[in-house]
């Protein structure tokens, strides 16, 4: 094996917590094919389902060791060889699997078959807000001391001068992938001798037997604690209304014609921008919903300050739009667009832009979600979730129409309310006002 170019022998993956063996139903690639991260190598049949086995890095398939078809293959048993450089594929055209490489990895065979070694169960305690630097554990190394890593990860580690064995792996069974090497921060020799309680990013994911533990940042822990406390302390109840969007979409079209008349490059006004404006107007119409529970009093605010959710996952932010009721739709649109761009950037949305407002709006329509009941963020008393706009057949209420039904663009909006502050009647009044502004959008100009 040492005479071959840099490569990796890939074993049958463990695609579920209970999987011990599987069958290759179909190869989606052939020898010599190049692949990128996310491409599907093959379809694997387990005892429960057929699952795609996809790649974690870029490379090429040098040799397929197991053909598709009946026959159980134990997890870890070699099924193919991959290389980082497609020019190295021809070197493996005569390679044949040997009995020793077909067996589960052992102490003696580890040097020739770098299959992932079993990882002992890991007990993880909640990470502190300040992490402690310790020597990285070579959990992704085989029993021979050779790291289980992709060819691209080996190449990057060599170029950067890293010892690949100390890089924490986040791939299947702790395998080190290229992204792990790129994100790895070396620890100096002085740091490895003494554990220093200094503020650093928390540790990389910790692989276990059939699971992976992802340490949380102090910010994520704080957000989780606040949401749990809010769900516990606030007596939530929920109201839902269906909105007809044809009129507000027509207004949006007219406004965008006007916006782009003087500037072809100007960003257009979105449906979400108009719905945020309609919610602010509804708060002005029913001001007792724009309030907070203060234990001994209910505080009603003069201005409508709206938190809007932008981004997703680790890049989810709720920046603040101040005094939305006094702003025009174009100004609201520009502010939201700026926050969306910031959320997608490396720097994210600045912390000073994410203050506490009087109301929160979450739009999940882009994900095709029809409705959602959001958790209220204390001390706010209301949160509004907007679903996807979709064509529906609804009763035609026009007395002059001869049709019984008509097609319309509809959206479902769900309001979460704090019953200590906003009772059911007031909540219904707010949603009625919101519906009126959306379905008669000219009233937004009053």
Fill in: Test set (1) in a strand (DSSP E or B); (2) within 15 Å of residue 80 (Cα to Cα) - residue 52 fails condition number
(2)
Worksheet, complete the sentence: Across (1) farther than 28 Å from residue 347 by Cα; (2) in contact with a helix residue (DSSP H, G or I) (Cβ under 6 Å, 6 or more places away or on another chain); (3) in a loop (DSSP other than H, G, I, E, B), residue 303 clears everything bar (2)
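For (1) in a helix (DSSP H, G or I); (2) touching a strand residue (DSSP E or B) at 6+ places or on another chain (Cβ under 7 Å); (3) surrounded by 14 or more Cβ atoms within 10 Å (Cβ to Cβ), each residue gets a yes or a no:
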| position | (1), (2), (3) |
| --- | --- |
| 334 | yes, no, yes |
| 337 | yes, no, yes |
| 342 | yes, no, yes |
| 349 | no, yes, yes |
| 356 | no, no, yes |
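Looking at this structure, is residue 64 closer than 19 Å to residue 154 by Cα, at pLDDT 85 or above, more than 26 Å from the chain's Cα centre (by Cα) and not assigned by TED's automatic domain parsing to the domain that holds residue 177? Talk me through it step by step, then tell me what you get.
Details: closer than 19 Å to residue 154 by Cα: no; at pLDDT 85 or above: yes; more than 26 Å from the chain's Cα centre (by Cα): yes; not assigned by TED's automatic domain parsing to the domain that holds residue 177: yes.
So residue 64 does not fit the description; no.
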Discussion item. Among the residues in the range 248-268, are any surrounded by 15 or more Cβ atoms within 10 Å (Cβ to Cβ), under 27 Å from the mean Cα position of the chain (by Cα) and either closer than 21 Å to residue 360 by Cβ or modelled with pLDDT under 90 (or both)?
Written reply: yes
Fill in: Failed item in (1) assigned to a strand (DSSP E or B); (2) more than 30 Å from residue 297 (Cβ to Cβ); (3) in contact with a helix residue (DSSP H, G or I) (Cβ under 8 Å, 6 or more places away or on another chain), with residue 392 passing the rest
(3)
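This table checks each residue for (1) on the phi > 0 side of the Ramachandran plot; (2) touching a residue at least 60 places away in the same chain (Cβ under 8 Å); (3) in contact with a helix residue (DSSP H, G or I) (Cβ under 8 Å, 6 or more places away or on another chain).
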position	(1), (2), (3)
242	no, yes, no
257	no, no, no
260	no, no, no
270	no, yes, yes
279	no, yes, yes
282	no, yes, yes
291	no, yes, no
307	no, yes, no
330	no, yes, yes
Worksheet, complete the sentence: Residue count, the range 17-50, condition modelled with pLDDT under 80 and more than 16 Å from residue 77 (Cα to Cα), comes to 8
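Have a look at 289, 279 and point out the one that is modelled with pLDDT of 95 or more, surrounded by 14 or more Cβ atoms within 10 Å (Cβ to Cβ) and either outside the structural domain of residue 381 (by TED's automatic domain parsing) or under 31 Å from the mean Cα position of the chain (by Cα) (or both). Working first, answer last.
Working: 289 fails: either outside the structural domain of residue 381 (by TED's automatic domain parsing) or under 31 Å from the mean Cα position of the chain (by Cα) (or both).
Matching residue, one of 289, 279: 279.
Tell me the residue from 432, 416 that is modelled with pLDDT of 95 or more, surrounded by 13 or more Cβ atoms within 10 Å (Cβ to Cβ) and in a strand (DSSP E or B), please. It would help to see each step written out before you state the result.
On the way: 432 fails: in a strand (DSSP E or B).
Being modelled with pLDDT of 95 or more, surrounded by 13 or more Cβ atoms within 10 Å (Cβ to Cβ) and in a strand (DSSP E or B) holds for just one of 432, 416, which is 416.
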Item to complete: Could you tell me whether the range 418-441 includes any residue that is under 24 Å from residue 297 (Cβ atoms), in contact (Cβ under 8 Å) with a residue 60 or more places away in the chain and under 30 Å from the mean Cα position of the chain (by Cα)?
Response: yes
Practice prompt. Could you list all residues from the range 38-71 that are under 25 Å from residue 210 (Cα atoms) and touching a helix residue (DSSP H, G or I) at 6+ places or on another chain (Cβ under 8 Å)?
Written response: 56, 57, 58
Worksheet item: Within the set of pairs 6 or more residues apart or between chains, which connect a residue that is outside the structural domain of residue 269 (by TED's automatic domain parsing) inside the range 337-355 to a residue that is outside any loop (DSSP other than H, G, I, E, B) with Cβ atoms less than 7 Å apart?
Response: none
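Residues checked against (1) within 21 Å of residue 443 (Cβ to Cβ); (2) more than 19 Å from the chain's Cα centre (by Cα):
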{"residue": "311", "(1), (2)": "no, no"}
{"residue": "333", "(1), (2)": "yes, yes"}
{"residue": "336", "(1), (2)": "no, yes"}
{"residue": "345", "(1), (2)": "no, no"}
{"residue": "350", "(1), (2)": "no, yes"}
{"residue": "353", "(1), (2)": "no, yes"}
Item to complete: Go through the range 70-121 residue by residue and tally those that are at pLDDT 85 or above and either outside any loop (DSSP other than H, G, I, E, B) or more than 38 Å from the chain's Cα centre (by Cα) (or both).
Response: 15
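Picking from 53, 92, which residue would you name as being farther than 19 Å from residue 153 by Cβ and in contact (Cβ under 8 Å) with a residue 40 or more places away in the chain?
Values: 53 fails: farther than 19 Å from residue 153 by Cβ.
Result of the check over 53, 92: 92.
The values are calculated or read from the model by the stated rules, or taken from the named source; none is laboratory data. Since we're looking at a predicted model, the values are computed, not measured. Ideal geometry is used to build each Cβ from the backbone, glycine not excepted, and the neighbour counts take in all protein chains shown.
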